[in-house]
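Every read-out reported here was derived from the displayed coordinates using simple, explicitly stated rules and does not represent laboratory data. Small disclaimer: the values here were computed from a predicted structure and weren't measured. So basically every Cβ, Gly included, is an ideal-geometry build from the backbone, and we count neighbours across all protein chains shown.
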Amino acid sequence: MANTPSAKKATRKIARRTEINKSRRSRVRTFLRKVEEAIASGDKDAAQSAFRAAEPELMRAASKGVVHKNTASRKVSRLAQRVKAVGAA
């Protein structure tokens, strides 16, 4: 357990950041799930609109440090490929 005042403050700060990061990560997952569901349904328009909403959310999470920049870029790239393939096959 933290003994010094600075260590106690650090644990409070960490707890606050953890809550914020948790909600951001959850929000990103929700947006990604909407894209996945639209792709699974085969609806190209819905998939594209869901992707347009999800991309900035993912990049925002990357800029806030919730996910790594390269991870966010990789996910966006792979999703874009899959959305493009919907209806083309």
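Taking other Cβ atoms within 10 Å as a rough exposure proxy, S41, S6 sort from fewest to most as S6, S41. Counting lysine pairs in the chain that sit 8 or more residues apart in sequence, or on different chains, and whose Cα atoms lie under 16 Å apart gives 8. Take each peptide in 16-26, 77-87, count the other Cβ atoms within 10 Å of every residue, and average; sorted highest first, the result is 77-87, 16-26. A simple rule links phi to the HN-Hα coupling: the Karplus curve 6.51 cos²θ - 1.76 cosθ + 1.60 with θ = phi - 60°, which for the range 40-54 gives 5, 6, x, 8, 5, 5, 5, 5, 5, 5, 5, 5, 4, 7, 6 Hz, with x for Gly and Pro.
Here H68 and E37 are evaluated by their C-beta separation; at R0 = 30 Å the FRET efficiency comes out at 0.75.
Shape call for the range 6-51 from the C-alpha gyration tensor, a ≥ b ≥ c root eigenvalues: rounded (a/c under 1.5), prolate (a/b greater than b/c) or oblate? Prolate, since a/c reaches 1.5 and a/b exceeds b/c.
Residues within the reach of a label modelled at S77 (point 7 angstrom out along Cα to beta-carbon, backbone nitrogen below 20 Å), restricted to the range 9-37, are 32, 36.
Each of I14, I39 has some number of other Cβ atoms within 10 Å of its Cβ, and from fewest to most they run I14, I39. Ellipticity at 222 nm from helices only: DSSP H runs of n ≥ 4 in the chain, each -39500 (n - 2.57), divided by the residue count, give -29500 deg cm²/dmol.
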